[in-house]
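What follows is a set of notes on a single structure, which appears directly below.
The values are calculated or read from the model by the stated rules, or taken from the named source; none is laboratory data. Everything numeric in this text was worked out from a predicted model, so none of it was measured. With ideal geometry, Cβ positions are generated from the backbone for all residues, glycine too; neighbour counts draw on all protein chains shown. The accessibility values were calculated without ligands, DNA or RNA, using every heavy atom of the protein model including side chains. Shrake-Rupley method; radii C 1.70, N 1.55, O 1.52, S 1.80 Å.
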Amino acid sequence: MEETLKTYIPTLKSVTDAANRVRKVVSKTPFMRSFTYSKKYEAEVFLKREDLQQVRSYKIRGAFNKISTLTDEQKQAGIVCASAGNHAQGVALSCAKLHIKGAIYMPATTPKQKVEQVQMFGDTWVEVVLTGDTFDDAYAKASEACISQHKTFVHPFDDEKIIEGQATVGLEMVTQSEKPLDYVFVPVGGGGLIAGLSSVFHHLSPKTKIIGVEPGGAPAMMNSLLQKENTTLTEIDKFVDGAAVQRVGERNFSIVQQLVDQVVSVPEGKICQTILDLYNRDAIVVEPAGALTLAVLDQFKEEIRGKNIACVVSGSNNDITRTPEIKERALLYQGLKHYFIIKFPQRAGALKEFVADVLGNTDDITYFEYSKKTSREQGPAIVGIEIKSPEDLEPLVERMHKRKFFGEYLNDKPELFQLLV
């Protein structure tokens, strides 16, 4: 079954061999029952905590498995990868542990914190090459280096050994679960994790339903399944950087077609709300991709009631500087944050009137930008208002119209709104 690209499915032996290799550097992460989500969904909800790996994601599994199986000649020549995230850290640590020279190509726009993390894990065995503005730029340079320097390229997901390494997550879950799992929810980016995990459950627990979860702004796998062929998205929202890809792996797509029950998407705003909930309620810090599987459970609440459920929490490499954006997106998704162009009369007391007579008792101005135009009767201001309940919006707008302050509602105008958020 592994003779061609289209029919490649990891065997149980290949995954077991991978598990034996990666145990040198990989933690057997907790498979823990979530009190919060079990109560909320009236189900037994377990979290596979891959965010607790040393590099804070499951990516070390595939990277170490791939690099450790290279020939002596390939190891001597060194490896190359392109990544701005978790794959880079997994490759870096693998190079350091196996004493193999690696060049990791990252976009020049990569946050300094991520670059430093990669260098820390790779120590003297890794060279970080910052090039271009996008991942595609870095990928192109990495590919050129592979050819000119006769090095091996370590792909983040479309590789048999990578898939087999990621499959060890599923192998652990099967042994850790005391009862057969009815549903397993898996985050989907390039598809390496779900391809490997679904292969394990195909062999050991075929009745378990495997559900893939993608960010709403980058549904590459969903779109490909709909088209019945691997298809490239022309545009994506890169917010969920650990899972936002324009095209999934060829091998991964083939496996998902055969073994995965369903792939769904979840809005980025819902993901942000889940990140905040996990932190506030359970003291769990996750990156956007790590929240995908919990963010989607609302869509399955009727199906999973009374069932045994597992959600893969894939990583926790979240940059703290993103917190304001995460809060903003969460509020927008809940209908609690709204932006307007407000027409203020050019007279003293206009702002006071707006605050006293237009805003409700629990409404709060969180953004205000005003430029006075003395030659006009009214001066426009961009105002962001946070409300306590979505039902407060309509009365607020009515009061704006009544007092002749209303100019334009910006939330549903993407061409203007993207300049603010």
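Exactly one residue out of Phe344, Phe354, Phe368 is open to solvent by 50 Å² or more (accessible area, probe 1.4 Å), not basic (Lys, Arg) and not in a loop (DSSP other than H, G, I, E, B), and it is Phe368. Can you say whether Tyr37 is more than 23 Å from Asp159 (Cα to Cα) and open to solvent by less than 70 Å² (accessible area, probe 1.4 Å), as far as the supplied structure shows? So Tyr37 fits the description; yes. Residues in segment 192-210 that are in a helix (DSSP H, G or I) and free of Cβ contacts under 8 Å to residues at least 60 places away in the same chain: 1 in all.
Just to be sure, is Thr69 in contact (Cβ under 8 Å) with a residue 24 or more places away in the chain, among the polar types (S, T, N, Q) and more than 16 Å from Lys97 (Cα to Cα)? No: the conditions fail for Thr69. The listed residues are Thr124, Thr131, and the only one of them that is over 23 Å from Gly196 (Cβ atoms), polar (S, T, N, Q), open to solvent by 20 Å² or more (accessible area, probe 1.4 Å) and touching a strand residue (DSSP E or B) at 6+ places or on another chain (Cβ under 8 Å) turns out to be Thr131.
Among the residues of segment 381-401, write down those that are buried (at least 17 other Cβ atoms within 10 Å of the Cβ), in contact with a strand residue (DSSP E or B) (Cβ under 8 Å, 6 or more places away or on another chain) and of a type outside the set (A, V, I, L, M, F, W, C). Once the filter is applied, which keeps residues that are buried (at least 17 other Cβ atoms within 10 Å of the Cβ), in contact with a strand residue (DSSP E or B) (Cβ under 8 Å, 6 or more places away or on another chain) and of a type outside the set (A, V, I, L, M, F, W, C), segment 381-401 yields only Gly384. From the list Glu235, Glu229, the lone residue that is of a type in the set (Asp, Glu), over 20 Å from the mean Cα position of the chain (by Cα) and not in a strand (DSSP E or B) is Glu229.
All of Val256, Val174, Val240, Val186 fail the test of being open to solvent by 10 Å² or more (accessible area, probe 1.4 Å), of a type in the set (Val, Ile, Thr) and in contact (Cβ under 8 Å) with a residue 24 or more places away in the chain, apart from Val174. Here's a check for you: in segment 145-171, which residue that is over 25 Å from the mean Cα position of the chain (by Cα) and in contact (Cβ under 8 Å) with a residue 24 or more places away in the chain is nearest to Thr11 (Cα to Cα)? Top of the filtered list is Thr152. The C-beta contact set for segment 217-229 (first residue over 16 Å from Arg251 (Cα atoms), second residue in a helix (DSSP H, G or I), distance under 8 angstrom, 6+ apart or interchain) comprises Gly217/Glu268.
The set of residues from segment 43-93 being outside any helix (DSSP H, G or I), within 20 Å of the chain's Cα centre (by Cα) and of a type in the set (Gly, Ala, Ser) comprises Ser57, Ala82, Ser83, Ala84, Gly85.
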